[in-house]
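This report refers to the structure that appears directly beneath it.
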Amino acid sequence: MKSHNHNIMEHLNRSNETELSGSRIILEAFIQEGVKTVFGYPGGAIIPIYDALYDYKEQLEHILVRHEQAAVHAAQGLARVSGEVGVVLATSGPGATNLVTGLADALLDNTPLVCITGQVFEHLLGTDAFQEIDVMNITSPVTKWNYQVTDAHELPEVLAKAFYIAKSGRPGPVLIDVTKNAQLQHILFRDIPRAIH
């Protein structure tokens, strides 16, 4: 009987589901977390998020910087004066590595950040593809937590966890690396969980 009730609930819950791309799920998570300003610099591996960002211009202000290091330091400044989590967007390869100094500074100064980096398609990981870099191992020493998303189904939970970790306990930076296929992938979901701080 439990299985039958579970199937009924699953069917009822699907009626509230919406199909969104991974890129839009990321932006919806930002809004759910109260983010109003995002700092970043576009590039090929994160362009799906930038394409989606156009439709969120009323809810999210994007500050275009001239270098990813400026984005991470600006997000630090916003986080310090507002007490909120600073948010950064950067592309793969050199875009991601340009965040390292700011991540290290945020870790040492207990500044809550969530940085989203684009990454090559999942099937290209480990092939030395154009602008592919092992951002997970590079940023591990300078973040509270980092995680690579290769499937959009992971995004709602991972993003809620990212904001929770960035702000809880001793605050600090979190980096989420999202493959291009996960940004483009469309999934059904009901809502974005919010981190409870």
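The values are calculated or read from the model by the stated rules, or taken from the named source; none is laboratory data. Source: prediction; values computed, not measured. Note: ideal-geometry Cβ built from the backbone for every residue, glycine included; neighbour counts use all protein chains shown. Side chains included, ligands, DNA and RNA excluded: accessible areas come from the protein's heavy atoms. Shrake-Rupley method; radii C 1.70, N 1.55, O 1.52, S 1.80 Å.
Every residue in segment 90-117 that is within 15 Å of residue 78 (Cα to Cα), part of a loop (DSSP other than H, G, I, E, B) and not charged (D, E, K, R), please.
Listed by number, the residues that qualify are 110, 111, 112.
Check 89, 108, 113, 103 and return the single one that is surrounded by fewer than 16 Cβ atoms within 10 Å (Cβ to Cβ), among the aliphatic types (A, V, I, L, M) and within 16 Å of residue 166 (Cα to Cα).
Details: 89 fails: surrounded by fewer than 16 Cβ atoms within 10 Å (Cβ to Cβ); 113 fails: surrounded by fewer than 16 Cβ atoms within 10 Å (Cβ to Cβ); 103 fails: surrounded by fewer than 16 Cβ atoms within 10 Å (Cβ to Cβ).
Among 89, 108, 113, 103, only 108 is surrounded by fewer than 16 Cβ atoms within 10 Å (Cβ to Cβ), among the aliphatic types (A, V, I, L, M) and within 16 Å of residue 166 (Cα to Cα).
Checking residue 87 against (1) among the aliphatic types (A, V, I, L, M); (2) within 29 Å of residue 19 (Cβ to Cβ); (3) assigned to a loop (DSSP other than H, G, I, E, B): exactly one of these is not met. Which one?
Only one criterion in (1) among the aliphatic types (A, V, I, L, M); (2) within 29 Å of residue 19 (Cβ to Cβ); (3) assigned to a loop (DSSP other than H, G, I, E, B) is unmet by residue 87, namely (3).
Give the residues of segment 121-135 that are surrounded by 17 or more Cβ atoms within 10 Å (Cβ to Cβ) and of a type in the set (D, E, K, R), sorted by residue number.
Hit for segment 121-135 is 132, nothing else.
Within segment 37-71, how many residues turn out to be in a strand (DSSP E or B) and under 15 Å from the mean Cα position of the chain (by Cα)?
5
Considering 14, 80, which residue is in contact with a strand residue (DSSP E or B) (Cβ under 9 Å, 6 or more places away or on another chain), at pLDDT below 95 and open to solvent by 60 Å² or more (accessible area, probe 1.4 Å)?
Working: 80 fails: at pLDDT below 95.
The match here is 14.
Among the residues of segment 65-76, is any touching a Cys at 6+ places or on another chain (Cβ under 7 Å) and either open to solvent by 30 Å² or more (accessible area, probe 1.4 Å) or modelled with pLDDT of 95 or more (or both)?
yes
Just wondering, is there one or more residues in segment 158-179 that are modelled with pLDDT of 95 or more, open to solvent by 80 Å² or more (accessible area, probe 1.4 Å), under 11 Å from the mean Cα position of the chain (by Cα) and among the charged types (D, E, K, R)?
Checked segment 158-179: at least one residue is modelled with pLDDT of 95 or more, open to solvent by 80 Å² or more (accessible area, probe 1.4 Å), under 11 Å from the mean Cα position of the chain (by Cα) and among the charged types (D, E, K, R).
Against the condition in contact with a Lys or Arg (Cβ under 8 Å, 6 or more places away or on another chain), at pLDDT 95 or above and open to solvent by less than 60 Å² (accessible area, probe 1.4 Å), how does residue 118 come out, does it pass? Outline the logic, then answer.
Details: in contact with a Lys or Arg (Cβ under 8 Å, 6 or more places away or on another chain): yes; at pLDDT 95 or above: yes; open to solvent by less than 60 Å² (accessible area, probe 1.4 Å): yes.
The answer is yes for residue 118.
Condition check: in contact with a Leu (Cβ under 6 Å, 6 or more places away or on another chain), of a type in the set (A, V, I, L, M, F, W, C) and open to solvent by 10 Å² or more (accessible area, probe 1.4 Å). Does residue 142 satisfy that?
yes
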